[in-house]
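A.B. asks: Dropping the structure in here first, questions after.
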Amino acid sequence: MNKKVLVLLTGLFILMSTFFGMGSVLANDKTKVIYAYMDDCRMCKVFESKVLSDPEVREALSKFIFEKIDATTGRVNVAVTPTILVFNKNNKLIRKLVPSLNKEDFLEFLRKYE
């Protein structure tokens, strides 16, 4: 393959990956955790106030690329909210979870993917 074509394809891949929200995964060698929510989801509000706002959970999430995405935007495909999606370093979905509202359960879940 010609070098110019390879450079063009690589640039196109990076551009598309950034557009579709995967640019941070390409630029960083961390596991990605996506929190899918909806504004009118009562359980999402409980999860955010009881679990995500906890300092220990915030510290654990700092080891990942963490992104909060509104499920109504179409950027994620989930049946219910809240949902946690875990992507490995190769941007492959490795786990989809409706999270527990218990902080300790969520921390134990995160430890499996550090």
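A.B. asks: Can you pull out every residue in region 60-75 that is out of contact with any Gly (no Cβ under 9 Å at 6 or more places or on another chain) and surrounded by 11 or more Cβ atoms within 10 Å (Cβ to Cβ)?
C.D. replies: Scanning region 60-75 gives Ala60, Leu61, Lys63, Phe64, Ile65, Phe66, Lys68, Asp70, Ala71, Thr72.
A.B. asks: Please verify whether Leu85 is touching a residue at least 40 places away in the same chain (Cβ under 8 Å), closer than 23 Å to Ser53 by Cβ and crowded, with 17+ Cβ neighbours inside 10 Å, treating the condition exactly as stated.
C.D. replies: Answer is yes for this residue.
Only the coordinates and a few stated rules stand behind these numbers; no lab work does. This one's a predicted model, so the numbers in the text were calculated from it and none came from an experiment. Quick reminder, even Gly has a Cβ in these numbers, built from the backbone with ideal geometry, and neighbours come from all protein chains shown.
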